[in-house]
């Protein structure tokens, strides 16, 4: 079975007053129908990698790659019109704080229905049935009532689940989840991740989970890529993250506070130039 995603030597560049800066520096990765976690500090290039896969890096940003292929399709050669048939329908992305991606002047039901209409030709009744079924699948009680609500009328946790439902209703082959639970408390966070995990497993999808939370990713993913300053510095099986070999990954693990510890200071480590980070 061929991979869903193959990336070779991907670079994302933005101009600055001091010249062009590569925020993603020639990374390569592959993805099957599995759960891949990408971790690293803020600014390490995680989100830019996800956006590049969907061809969402706009000018003046530039994306180059020897290969950026999804299910045999050369993404970089696709026109904007062709990408519209891929985004949402075959690859969906849940952005950071997804509740705030909802349109504040449209009801929940209207927005989910719009996501279905964009990619599928169904009757009004079929759209309504599919919308209700998807809301139920993300464990929203009384979905009939929720359909008529506006985004400001739902809680943060429910907003996250509604956005996940909207991204999954076209039944994509690949879901990119960019810190989808960063604004939630721990109990709701676990619930939302369980929902994503169950839907990915039941539908045989591929998942890229982008996060800075190492414990979370090691619990939910099959493999982990560790990014630093636009580069992949380590790849490992998720369950073996604790045995990471790269000093940067070891530094991230060591810097994680623990409830039962009595350290007065969290450790720091030095970057390639010798300055502390």
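Laid out as a table, the results:
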| quantity | calculated |
| --- | --- |
| Rounded to 10°, Cα long-axis angle of helix 186-203 versus longest principal axis of the chain | 70 degrees |
| Residues 28, 101 arranged by fewest to most Cβ contacts within 10 Å | 28, 101 |
| The chain pair-distance distribution - Cα-Cα, 5 Å bins, rounded % | 1, 5, 12, 15, 17, 16, 13, 10, 6, 3, 1, 0, 0 |
| Relative contact order (percent, whole number), region 5-254, Cα cutoff 8 Å, 6+ residue spacing | 27 percent |
| Expected 222 nm ellipticity per residue - DSSP helices of 4 or more, -39500 (n - 2.57), all of the chain, to 500 | -9500 deg cm²/dmol |
| Cα principal axis extents for region 73-150, largest first, Å | 44, 31, 23 |
| Burial ordering of 236, 221, fewest other beta-carbon atoms within 10 Å first | 236, 221 |
| Alpha-carbon spread of region 1-157, three principal axes, descending order, Å | 52, 38, 29 |
| Protection proxy ranking, peptides 72-80, 44-52, average beta carbon neighbours within 10 Å, highest first | 44-52, 72-80 |
| In nm, spacing of pseudo-spin labels at residue 110 and residue 66 (7 Å Cα→C-beta vector) | 5.0 nm |
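Bear in mind that the values in this text are calculations on the coordinates, not laboratory data. Given the structure is predicted, the values throughout are model-derived calculations rather than measurements. Glycine also receives a Cβ, built like all others from the backbone with ideal geometry; neighbour counts cover every protein chain displayed.
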